[in-house]
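Each value in this text was obtained by applying a stated rule to the coordinates, not by laboratory testing. Since the structure is predicted, the reported quantities are computational estimates derived from the model, not experimental observations. Virtual Cβ from ideal backbone geometry, glycine too; neighbours counted across all protein chains shown.
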Amino acid sequence: MTVPIAMKKWGNSRGIVIPKKVLDQLDWTTSDSLELELINGELHIRKAFQHKSFEERLAAYQGKIEVHSFDWGDPAGREGL
């Protein structure tokens, strides 16, 4: 999707307004933190990773704990002692 936007003066900086339909598709809200990265002269914007709070994790908990087994292979040193 290509959406034309204008750059405006904002104090000593410049700002852009991202249209609501784009924000809705990205699921971005006003309180989100974003990361900007310059790659070969292009600006890439993405939502920054944000750890969930304990309360958010607790609310998402559905009473299941998944346990995964992992094959570490044969002992290669003294770990089998």
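Things to note:
- The set of residues from region 1-19 being exposed (fewer than 10 other Cβ atoms within 10 Å of the Cβ), in a loop (DSSP other than H, G, I, E, B) and not β-branched (V, I, T) comprises M1, P4, A6, G11, N12.
- Summed over region 34-73, residues that are in a loop (DSSP other than H, G, I, E, B) and under 25 Å from I18 (Cβ atoms) total 7.
- Test: residue in region 33-53 that is among the hydroxyl-bearing types (S, T, Y), closer than 30 Å to V3 by Cβ and surrounded by fewer than 10 Cβ atoms within 10 Å (Cβ to Cβ): yes
- Evaluating L26 against the criteria (1) over 30 Å from I5 (Cα atoms); (2) surrounded by 10 or more Cβ atoms within 10 Å (Cβ to Cβ) leaves one unmet condition, (1).
- Region 1-28 residues that are over 15 Å from R46 (Cβ atoms), paired with ones that are among the polar types (S, T, N, Q) and surrounded by 10 or more Cβ atoms within 10 Å (Cβ to Cβ) (beta carbon under 7 Å, 6 or more apart): none
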